[in-house]
Amino acid sequence: MKALEDQVVQEEPGYQDDEVYLWFTEKYNVADIKKLKSVGICTIKGIQMTTRRALCNVKGLSEAKVDKIKEAANKLIEPGFLTAFEYSEKRKMVFHITTGSQEFDKLLGGGIESMAITEAFGVTAQLPGPDGYTGGKIIFIDTENTFRPDRLRDIADRFSVDHDAVLDNVLYARAYTSEHQMELLDYVAAKFHEEAGIFKLLIIDSIMALFRVDFSGRGELAERQQKLAQMLSRLQKISEEYNVAVFVTNQMTADPGATMTFQADPKKPIGGHILAHASTTRISLRKGRGELRIAKIYDSPEMPENEATFAITAGGIGDAKE
């Protein structure tokens, strides 16, 4: 029998990993399962979250085989409805990662939420993840070449944590194109599956930078937004499938229409409605006096519109001093 790591693991109650492996390998050879894992589909839930069209694009999988795989996955996990109470119980798995500032955490309802995409945009959208280091691992995708390991050492000093331990727990990748950025998500999904429950946070800094480079002008806007929508959909699925928090930074642009409505800040986050609807919580950041920054809930399904003041120090994000 092949090693259990070759299986497609499903995590819903009622089925054990070895049962799923035996059930799948009775119908499909290990090579087919490896083909799915090569594109970041590592669980039965992952199969359910992937369209037939996308599965047919996996090299070596025919349309007939994809239909059988889909049918098999649906037998293992009923694609039906839950009562609000059942979903409420499921939501108890959600956790929050501290930003390092009590006021900022309070604004976010406890911190950066798992199974969700949190977007921050504005002046100096800083990395809020590693200073909330609690033993979990982090994946950082850098699209602007702004990641600096020395900052993590400063943050580690603040929390009296070993430098090497912090650096070893942050997995870094530099993305060079929007396509490369998307391809890295296959690796991310495989890593989350390989070390299940170990990774707590995925950071992309910034989500839109490479899309702005690769797609220019109104003639390519529709294609850009379509590709962006696919990436954001994949991020949302990964966050739910592996119960991780996703934090993305974004850029801002001038809003010509803002002057007509007398808005105080004539700028808006880029990405359009696609990014606006995909992000669970949107945070607007602006500069205050000195090291102070003001965070404002721009959009959230459960948090009221409010503001919090925090400070960016050598040791990362902290509470503002009176």
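The values are calculated or read from the model by the stated rules, or taken from the named source; none is laboratory data. Everything numeric in this text was worked out from a predicted model, so none of it was measured. Every residue, glycine among them, receives a Cβ derived from its backbone with ideal geometry; neighbour counts consider all protein chains shown. To get the accessible areas, we keep the full protein, side chains included, count just its heavy atoms, and leave off ligands, DNA and RNA. Shrake-Rupley method; radii C 1.70, N 1.55, O 1.52, S 1.80 Å.
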**Study point:** Selection status of Q48, touching a Pro at 6+ places or on another chain (Cβ under 8 Å) and in contact (Cβ under 8 Å) with a residue 24 or more places away in the chain
**Key:** yes
Practice item. For V166, work out the one condition from (1) within 17 Å of S206 (Cα to Cα); (2) open to solvent by less than 80 Å² (accessible area, probe 1.4 Å); (3) of a type outside the set (F, W, Y) it doesn't fulfil. Key: (1)
Exercise for review: Restricting attention to the range 75-113, report how many residues are of a type in the set (A, V, I, L, M) and either modelled with pLDDT under 85 or in a helix (DSSP H, G or I) (or both).
Suggested key: 6
Study note, to complete from the structure: Of the listed residues (F159, F211), the one being of a type in the set (F, W, Y) and open to solvent by less than 60 Å² (accessible area, probe 1.4 Å) is F211
Practice item. Scan the range 133-156 residue by residue and report those that are open to solvent by less than 20 Å² (accessible area, probe 1.4 Å), in a loop (DSSP other than H, G, I, E, B) and closer than 19 Å to N243 by Cβ. Key: G136
Revision key, fill the gap. Within the range 162-210, residues being within 16 Å of the chain's Cα centre (by Cα), assigned to a loop (DSSP other than H, G, I, E, B) and not small (G, A, S) number 3
Check your understanding: If you go through the range 97-115, how many residues are on the phi < 0 side of the Ramachandran plot and under 18 Å from the mean Cα position of the chain (by Cα)?
Key -> 7
**Study point:** Subset tally (residues that are farther than 26 Å from M115 by Cα and open to solvent by 90 Å² or more (accessible area, probe 1.4 Å)) for the range 287-320
**Key:** 2
Practice item. State all residues of the range 50-68 that are modelled with pLDDT under 85 and within 22 Å of K191 (Cβ to Cβ); if no residue qualifies, say none. Key: none
Exercise for review: Can you confirm whether the range 178-187 contains a residue that is over 22 Å from I97 (Cα atoms), surrounded by 13 or more Cβ atoms within 10 Å (Cβ to Cβ), free of Cβ contacts under 8 Å to residues at least 40 places away in the same chain and touching a helix residue (DSSP H, G or I) at 6+ places or on another chain (Cβ under 7 Å)?
Suggested key: no
Revision key, fill the gap. By residue number, the members of the range 48-72 that are among the hydrophobic types (A, V, I, L, M, F, W, C) and either within 15 Å of K37 (Cα to Cα) or open to solvent by 40 Å² or more (accessible area, probe 1.4 Å) (or both) are M49, A54, L55, C56, V58, L61, A64, V66, I69
Check your understanding: R234 fails exactly one of the following numbered conditions: (1) closer than 30 Å to I41 by Cα; (2) modelled with pLDDT under 90; (3) in contact with a Leu (Cβ under 8 Å, 6 or more places away or on another chain); (4) open to solvent by 30 Å² or more (accessible area, probe 1.4 Å). What is the number of that condition?
Key -> (2)
